[in-house]
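So the structure is just underneath, and the comments pick up after that.
The values are calculated or read from the model by the stated rules, or taken from the named source; none is laboratory data. Keep in mind that this is a model prediction, so the values were computed, not measured. A quick note on method: Cβ atoms are made from the backbone with ideal geometry, for glycine too, and the neighbour counts reach across all protein chains shown. Accessible surface areas use protein heavy atoms only, side chains included; no ligands, DNA or RNA. Shrake-Rupley method; radii C 1.70, N 1.55, O 1.52, S 1.80 Å.
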Amino acid sequence: MAGRPEGTTRGNGGETHQGAGPGIDRLTTNHGVTIADNQNQLKAHARGPVLLEDMIFREKMMHFDHERIPERIVHARGTGAHGYFELTDSLADFTTARILTEVGERTEVFVRFSTVAGSKGSTDTPRDVRGFATKFYTKDGNWDLVGNNVPVFFIQDAMKFPDLVHSVKPEADRGFPQATAAHDTFWDFTSLMPESVHMLMWAMSDRTIPRSFRTMEGFGVHSFRLIDAEGRSTFVKYHWKPKLGLQSTVWDETVKIAGADPDYQRRDLFEAIDRGDFPEWELGVQLFDQEAADKLPFDHLDATKIIPEELIPVRIVGRMVLDRYPNNFFAETEQVAFCPSHLVPGMDFSNDPLLQGRLFSYLDTQLKRLGSTNFHQLPTNRAKGREGGCPFSNFQRDGHMQMNVPKGRANYEPNSLALAGEGGGPREDPQTGFTSFREPMEEGPKSRIRAESFADHYSQARLFWRSMHPAEQSHIVSAFTFELSKCQFEHVQQRTIANLRNVDEDLAARVAKSMNVDLPQISPAAQPVQDLPPSPALRIVGNMKETLEGRCVGILIHDGSDADEIAAVRQAVNEAGGRCFVVALKIGGAKLSDGNVCKADGQLAGSPSVLFDAVAIILSDDGARELVGHGSAVQFVMDAFGHLKAIGYSKDAQPLLDKAGVQSDEGVTGLNTGFISAAKQRFFDREAQVRATP
Ligand code: HDD
């Protein structure tokens, strides 16, 4: 890590310095009593029994025994960072929410990224949707935008959420598999729920194996409302666009990353912030009114649908920068509580039945997880957007872990006994307070019903498939093949493929062929499938930025490597905004051509090429011949080639490339003949050479 001064990207948030905080160098009990001995329990004599009276031991052990809280029922594994949001384009025509009207104002944010299915101790890189939850500490109160890196969802009605989650979590009798959808219960459930097919297409695409949190898009998924000063409503869908562009891994790579570094994505985020390479996203909005909504060939209140950017463009209105890592993972990242119900005046919900169910679930789950109705008083959750301390003010009182000491005799409203000068307050304010959109309601019988307009399950799945680059299509086929091949029940496999026939006959046929199973009868579709125009904005290939910014080049060296070549590659990579990581057989490094020892950043066996975006193989003739005998060196090169990465190499490194089966193409270059521009790309055309594309 390039050593930034300690505390520049952390700290500042230190409202609570318990324990070894500044100025406290004594070890104390939780009650402030100085501890004389932190090594031994109190005993009757040197080798005698321990005394129950030892309150210091009992306090320490009791606290330790209760350190864990229930992990999140979904999105248990995550990491977070602080930063700010800055508005660049006012939406004052649509909303009174100051965060969206005050251009240039910076609003503090906390973002938590997560995987969905795995438990807290699982790895960072399974095939899974990523959570992208943002808490904006705005002047008007906290706004939580609790989104994912995929713009649609598996189900249309929150009633099915517990079923969906049960099906994807470890199976009920055996408690496995962990952190994967590739098992019978998930595919059993989804194959019986055709509404999930569009999301399945996204889930089986490269979107769910992102290279980094920094190279993912984020989506608020649902339609929300913005409300202007006259009470008029405009629908809005939120998008996060990464400054570094979209980038994913390939499947074999992501599987190997999980072994090489289970913390790969959180480490990436932490290290980027630590070296001052602050992750950044643009906030985009799709704005549309009821009339435009009525003209869409699908229902925008259905969370299994997108509105293609080609139909309603995404307007960029701000940017978010993450520039500070938490001081304490538990206090901030684990205890942060996001709720889609946290909106501020000038915003409102839509009637999306998935969103409506979420409005209850998150508040409820925080109570379970954090153990008290006062979870909003934790530093990470406190509304802090106004000057002068904690800005919430009401007559809700007491409860577990009450952290405030409210003054006065009256704890009800209205009252006339509150402290002098406070006018019996706090009181409501109809002018600036939260008001719901005065939506006219249709009349009809109370019922549990799914709207007819939600019945088209396949048209957008087809749109997605047809929008993909051929390389992405074959990855989707491989992913379905992989996951369904893990299912033991043939009828589950068959029902899924039967559904896929409605998406695209070619897709279904390719999955069946690559599994070597019969193509089943097509399943009945509730509505005729529409041929909607493809949306190129949905592709990753083509939308990946050709840049070295935020990327890392692994340089493989050995004794005798040319010092000048190493220096030249380092300089060129740095000038292009990238980083280098030197890998050698031994951590102590290698003796270079000039007699100097170059230390390694990582040992070869522990630093496989999956951790890098491109590799440079800089070896002497002898060095190359020696490394040919080391499986980890051969694998280093073979994987870089197989994962479609650029390989720059010194002439003498050829024997190692030959042994690794590298064939020449435009991504395999000399060190100073195009390596830097190659290192900014992935070479999808190479894929046919390295694996059978289904
Ligand atoms: Fe959810 C957590 C995103 C549907 C119920 N969800 C959670 C998190 C994210 C999302 C990012 C992690 C927040 C954090 O970092 O603490 N969830 C989504 C999106 C959805 C969605 C984008 C669909 C558009 N979720 C959804 C439904 C329900 C829930 C339909 C239930 C009715 N989600 C929860 C939860 C969690 C949660 C059980 C677990 C931990 C938590 O809330 O704080 O309440």
May I ask you to list the trypsin sites (Lys or Arg not before Pro) in segment 185-289 that are in a DSSP loop and have at most 16 other Cβ atoms within 10 Å of their Cβ?
Arg232, Arg275
Using 19 Å as the cut-off for backbone N distance, which residues of segment 230-270 belong to the label zone defined by a point 7 Å from the Cα of Gln178 along Cα→Cβ?
254-267
Quick check: residue separation of Ala692 and Ala410 times 0.36 nm, minus the Cα distance between them. What number comes out in nm?
94.1 nm
Report, in listed order, any pair from Lys256/Lys486; Lys237/Lys295; Lys135/Lys305; Lys169/Lys237 with a Cα-Cα distance greater than 21 Å.
Lys135/Lys305; Lys169/Lys237
Cα→Cβ-extended label distance, 7 Å offset, between Glu490 and Arg232, nm:
6.2
So what's the back-of-envelope 222 nm ellipticity for the chain, counting only DSSP H runs of four-plus at -39500 (n - 2.57) apiece and dividing by all residues, rounded to 500?
-7500 deg cm²/dmol
Based on the Cβ-Cβ distance of Asn40 and Met61, what FRET efficiency does E = 1/(1 + (r/R0)^6) give at R0 = 22 Å, to the nearest 0.05?
0.95
Please compute the length gained on full extension between Ala92 and Glu271, using 0.36 nm multiplied by the number of residues separating them and subtracting their Cα-Cα distance.
60.7 nm
Starting from the Cα of His166, step 7 Å toward the Cβ, then list every residue of segment 177-208 with an amide N under 19 Å from that point.
177-196
Taking r as the C-beta separation of Arg397 and Asn672 and R0 as 56 Å, the FRET efficiency to the nearest 0.05 is 0.20
Considering only protein heavy atoms and a 1.4 Å probe, what is the carbon-and-sulfur percentage of the accessible area of the chain?
52
For segment 546-596, which GluC sites (Glu not before Pro) are in a loop by DSSP, counting at most 13 other Cβ atoms within 10 Å?
Glu546
Would you please name the GluC sites (Glu not before Pro) within segment 188-276 that are DSSP coil residues with at most 15 other C-beta atoms within 10 Å of their C-beta?
Glu230
If I ignore ligands, DNA and RNA and count only protein heavy atoms, how much of Leu287 is accessible to a 1.4 Å probe, in Å² to the nearest 10?
40
The extension gain from Glu102 to Leu359, computed as 0.36 nm times the residue separation minus the Cα-Cα distance, is 89.8 nm
Sorted by accessible area with a 1.4 angstrom probe, largest first, how do Ser664, Ser341, Ser205 fall?
Ser664, Ser341, Ser205
Using a simple spin-label model with points 7 Å from Cα along the Cα→Cβ vector, what separation in nm is obtained for Asp665 and Asp621?
3.1
Descending principal axes extents, the chain, alpha-carbon based, whole Å:
90, 81, 55
Using alpha carbon centroids, what distance separates segment 501-542 and segment 167-246, in Å?
19
Projected onto their principal axes, the Cα atoms of segment 552-690 stretch, largest extent first, over whole-Å spans of 41, 34, 25
Work out from phi, with θ = phi - 60° and the Karplus expression 6.51 cos²θ - 1.76 cosθ + 1.60, the ³J(HN,Hα) of each residue of segment 66-71, listed in order in whole Hz, and give x for Gly and Pro.
10, 5, 7, 10, x, 6
List the residues of segment 635-679 whose backbone N lies under 20 Å from a point placed 7 Å from the Cα of Glu546 along the Cα-to-Cβ direction.
644-649, 665-679
Could you state the accessible area per residue of the chain in Å², with a 1.4 Å probe and every protein chain left in place?
47
Between Phe437 and Ala292, the FRET efficiency computed from the C-beta separation at R0 = 22 Å comes out, to the nearest 0.05, as 0.85
